Amino acid sequence: MIHPVLANNINPYPRYICASAQMPTQSRNYCVFDKDETDYFVKQKENALPYLTDILKHSNNEGQVTETLYILNRMLDDGTKGIDKLYPVFSRFNDTKSPNIQTYLAGIYRKIQVPDAFGPLCKMLIQNSIHDDNQGKLFDPNEEIGGAILSYISDRWRH
């Protein structure tokens, strides 16, 4: 059983992150998250950021971190403000080997375009290429990482 991370030991939310996260399998190369739970956090907008930030600061559970990054990515799409300020929290995962975390982290970096994230994205892509640990894995996080790097370059080129 995964124990929830509680912000200040108070859980204002009716359910816990990662209560039903399904990681990729041999027959499904993507994660599945609880739609109602995700929608709940997305609707909370900036009010949910302290709780989600606390999870990212303290959790070492891949499913919980991946689901939290997915929710934050959806919140970005929904216009939630302040997620770019969470780079110091996101950076904890810059050296992860998890293709799931790498994929969602790169997706967030692509959207927030924090200059400090460009180097870690390049490092992630290079290390993945050198170690080529992706053989036999269910999907390739380098697609999202490379896309994020290209977004940084193209957005800087236009300005």
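Worth pointing out:
- Condition check for ARG74: surrounded by fewer than 17 Cβ atoms within 10 Å (Cβ to Cβ), part of a helix (DSSP H, G or I) and either at pLDDT 95 or above or in contact with a strand residue (DSSP E or B) (Cβ under 9 Å, 6 or more places away or on another chain) (or both): yes
- Sub-7 Å Cβ pairs linking a first residue in segment 79-101 that is without any contact (Cβ under 8 Å) to a residue 60 or more places away in the chain to a second residue that is aromatic (Phe, Trp, Tyr), at least 6 apart or interchain, are PRO99/PHE139; ILE101/PHE93, ordered by first then second residue.
- Entry remark, segment 58-71: residues being without any contact (Cβ under 8 Å) to a residue 40 or more places away in the chain and either within 14 Å of TYR104 (Cβ to Cβ) or assigned to a helix (DSSP H, G or I) (or both) number 4 in total.
- Of all the numbered requirements in (1) over 21 Å from LYS57 (Cβ atoms); (2) modelled with pLDDT of 95 or more; (3) touching a Leu at 6+ places or on another chain (Cβ under 7 Å); (4) open to solvent by 20 Å² or more (accessible area, probe 1.4 Å), GLY82 misses one, and that requirement is (1).
- Flag if SER27 is among the hydroxyl-bearing types (Ser, Thr, Tyr), open to solvent by 70 Å² or more (accessible area, probe 1.4 Å), without any contact (Cβ under 8 Å) to a residue 24 or more places away in the chain and out of contact with any His (no Cβ under 8 Å at 6 or more places or on another chain): yes
- Unique match (being among the small types (Gly, Ala, Ser), under 18 Å from LEU150 (Cα atoms) and within 11 Å of the chain's Cα centre (by Cα)) among ALA117, ALA106: ALA106
- Boolean, ALA7 is open to solvent by less than 40 Å² (accessible area, probe 1.4 Å), more than 16 Å from the chain's Cα centre (by Cα) and modelled with pLDDT under 95: yes
- Members of segment 28-63 that are touching a helix residue (DSSP H, G or I) at 6+ places or on another chain (Cβ under 8 Å) and either over 23 Å from GLN102 (Cβ atoms) or of a type in the set (A, V, I, L, M) (or both): VAL42, LYS45, ALA48, LEU49, PRO50, TYR51, LEU52, ILE55, LEU56
- Single residue of segment 47-71 satisfying the filter (out of contact with any Ser or Thr (no Cβ under 8 Å at 6 or more places or on another chain) and within 19 Å of ALA117 (Cβ to Cβ)) that is surrounded by the fewest Cβ atoms within 10 Å (Cβ to Cβ): LYS57
The values are calculated or read from the model by the stated rules, or taken from the named source; none is laboratory data. Here the structure is a predicted model, which means the values were calculated and not measured. Virtual Cβ from ideal backbone geometry, glycine too; neighbours counted across all protein chains shown. The accessibility values were calculated without ligands, DNA or RNA, using every heavy atom of the protein model including side chains. Shrake-Rupley method; radii C 1.70, N 1.55, O 1.52, S 1.80 Å.
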